[in-house]
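Accompanying notes for the structure given below.
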Amino acid sequence: MSSTTLNLPGIRTQPTSVTRKMAAALPGLREIAARNGLKIHHLGAGYPHPEVTNPRSFIERTESWFEHLTRQEGLNDPKELPTFLRDAYAYTDTMGPVGPRESFANVYGSDWGLQIDAGKLIPTIGATGGIALLCSVFERIGADVAYITDAPTYAGFLARATLNQQATIYSIPMDREGADPDALRTQIRNARAEGKLVPFYYTVPDGHNPAGFSFSMTRKQELLRVAEEENILIAEDAPYLYINYNSDRKANRPFIALDPERTVHLFTGSKIGLPGPRVGFVYSEATVSVENGADISLTELLLSESSGAILFHNPLSLLTFEALLRNDDGTVRESLWPLAEEKLQVYRENREIVLGGLTEGLGGHRDHFDWTEPEAGFFSAFTIRNPVVRVDDTFTNGLVEKYGVVVVPMYGFYPNDFLQRSPNAGFDQLRLSFCFTESAGEDRRRDLREATTAFCEAMKKECGIS
Ligand SMILES: Cc1ncc(COP(=O)(O)O)c(C=O)c1O
């Protein structure tokens with residue numbers, strides 16, 4: 001027997017993402033830190049906190065929702081199998097059962113002030129699946145595509161978008177209001193001048209991962225105007241819409257509420273529910289012009305893509321997700337904010353501990369350090385203004401070995417085109433996350449306090465501040 005060696009000279013291998021690199025290096029670094037008698041301080045992982053992802057309450061909600069559905073079917077014999085249960089374990093179609101989509105359309109639409117058509121809500125495998133579906137629509141024609149995105153941007157988007165070797169990333173800088181609308185226009189035009197098809201601009205406008213801030217409403221409007229004038233879509237990845245620390249929740253609205261015909265909205269149940277069941281939806285009211293100039297809805301394209309890729313969605317995970325959208329008496333919730341509040345109590349507290357700790361430890365050295373105060377999400381972008389410090393893998397690995405502090409360097413979130421223009425971009429920044437610790441309750445608070453103190457001490461030492 002001989003092994004198969006396919007000849008695939010055209011295939012480029014993918015570089016490892018910065019977050020996966022850190023995750024891979026962590027066990028070894030952990031050992032070194034332990035040998036040095038150090039506790040590991042988590043300020044790197046972007047995972048939901050275990051205290052708010054305890055599946056027990058999720059299982060209880062599911063059970064009471066299933067009891068409600070059983071009662072609704074009016075079965076007299078307890079041994080008889082309810083239809084909903086049979087359906088939950090059977091093949092369904094690509095759209096999945098209609099119930100979860102209708103419930104979601106009602107409650108999400110009401111929270112964000114838009115009318116959602118449940119018939120256009122396509123289930124996805126989390127937001128990751130939504131990104132994959134959207135990219136694959138534009139891969140079909142085999143054209144050279146340009147994806148416009150922020151610098152820095154979500155690593156998962158870069159990983160999926162660049163699987164397509166015909167795709168080129170054109171990135172745009174951001175300031176504290178959001179992405180630069182003039183740069184968006186320029187990059188669309190640059191890409192077109194280079195013969196590329198420009199379908200959309202991808203962003204995470206609320207609780208940006210990794211940039212640690214939210215776009216202002218004014219900036220969203222400006223970006224929408226450019227997208228409209230240049231005739232492209234805005235792909236809005238919205239995992240942190242409800243992980244929102246703003247007291248006025250109506251102050252900032254998502255792109256989908258501002259212009260559903262221009263936006264492709266990616267919802268995920270990972271942060272407001274649990275990440276494991278992999279529930280998500282892609283929603284858009286956009287129209288696209290296809291072969292022979294025919295206008296069709298983008299949903300139609302997404303759906304045919306999904307029926308090729310997924311074909312049968314998982315009805316059970318959608319049905320269990322629906323339990324989160326229902327009250328105890330089985331009626332649809334009026335809002336998802338009370339559900340979010342169960343998570344926000346932990347994240348709000350974590351955010352205050354980390355931001356408060358940074359102010360206490362480094363507030364007197366603002367000339368050396370700067371950090372964002374996120375209105376939403378899990379992350380703060382931390383900047384080191386010191387010419388001798390270069391935040392690369394060696395530096396962040398050293399933080400684990402010397403101080404037990406785990407953070408993620410920012411440079412890896414910058415698309416290559418941006419690094420070519422500005423080779424030092426991101427090498428003065430790291431991503432601090434306040435979402436995750438291994439402990440709960442008072443131990444969580446203590447761990448996060450200790451982590452922030454250790455981080456501040458590490459920063460001062462590395463920058464030679466006594
Ligand atoms: C911006 C962004 N998009 C997508 C995801 C992945 O979400 P999901 O679990 O829904 O695939 C994350 C998770 O961290 C994220 O931060």
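The values are calculated or read from the model by the stated rules, or taken from the named source; none is laboratory data. Not measured: the values here are computed from a predicted model. Virtual Cβ from ideal backbone geometry, glycine too; neighbours counted across all protein chains shown. Just the protein is used for accessible areas: all its heavy atoms, side chains included, with ligands, DNA and RNA removed. Shrake-Rupley method; radii C 1.70, N 1.55, O 1.52, S 1.80 Å.
Here are a few things to note about the model shown:
- Remark: spin-label model distance ASN54-SER466 equals 4.8 nm, labels positioned 7 Å along the Cα→Cβ axis.
- Across region 381-387, coupling constants 3J(HN,Hα) worked out from phi with the 6.51/-1.76/1.60 Karplus curve, θ = phi - 60°, read 8, 10, 10, 10, 9, 8, x Hz, and Gly and Pro carry x.
- Percent accessible area from carbon and sulfur atoms, region 84-324, protein chains only, probe 1.4 Å: 49 percent
- The listed peptides 339-346, 395-402, ordered by packing as a protection proxy, come out as 395-402, 339-346 (highest mean of other Cβ atoms within 10 Å first).
- Per residue, region 84-324 exposes 36 Å² of solvent-accessible protein surface, assessed with a 1.4 angstrom probe and all protein chains in place.
- Label-point separation, GLU67 to ASN292 (7 Å along Cα→Cβ), nm: 5.7 nm
- Under 5 Å between amide hydrogens, built in the peptide plane, is the criterion, and for ARG333 it picks out ARG326, ASN327 among residues at least 5 positions away or on other chains.
- Contact order normalised by residue count of the chain, Cα under 8 Å, 6+ apart, percent: 24 percent
- Net length gained if the chain between ASN106 and ARG421 were fully extended (0.36 nm per residue, minus Cα distance): 108.9 nm
- 19 Å Cα-Cα reach of LYS402 towards aspartates and glutamates, excluding residues that sit fewer than 8 places from it in its own chain: GLU31, ASP392, ASP393, ASP447, GLU450, GLU457, GLU462
- Note on THR218 and THR5: with the Förster distance fixed at 56 Å, the Cβ-Cβ geometry gives a FRET efficiency of about 0.50.
- Applying 1/(1 + (r/R0)^6) with R0 = 60 Å to the Cβ-Cβ distance of ALA24 and VAL332 gives a FRET efficiency near 0.90.
- The residue list HIS49, CYS135, VAL332 was ranked by how far each Cα lies along the charge dipole of the chain toward its positive end, using unit charges on Cβ atoms, and HIS49 comes out on top.
- Distances between placed amide hydrogens fall under 5 Å for VAL408 paired with ARG431, all partners being 5 or more residues away or on another chain.
- Efficiency of FRET from Cβ geometry, ALA143 and ASP175, R₀ 35 Å, rounded to 0.05: 0.60
- Tensor-based shape of region 84-324 (alpha-carbon gyration tensor, a/c under 1.5 rounded, otherwise prolate or oblate): oblate
- The 3J(HN,Hα) values that the Karplus relation (6.51, -1.76, 1.60; θ = phi - 60°) gives for region 131-138 are, in residue order, 4, 4, 4, 5, 4, 5, 4, 8 Hz. Gly and Pro appear as x.
- Packing order of peptides 316-324, 190-198, highest average first: 316-324, 190-198 (average count of other Cβ atoms within 10 Å over each peptide's residues).
- Accessible-area composition of region 415-466, carbon plus sulfur, in percent [1.4 Å probe]: 46 percent
- A full extension of the chain between ASN36 and ASP443 corresponds to an added length of 144.3 nm, given 0.36 nm per residue minus the alpha carbon distance.
- Bridges between two residues of the chain, per DSSP, are antiparallel at a rate of about 55%.
- Per-residue extension of 0.36 nm, minus the Cα-Cα distance of ASN246 and ARG192, leaves a gain of 15.6 nm for this segment.
- Distance from region 377-402 to region 42-77 (C-alpha centre basis), Å: 38 Å
- Packing, as the average of other Cβ atoms within 10 Å across residues, places the peptides 284-295, 246-257 in the order 246-257, 284-295, highest first.
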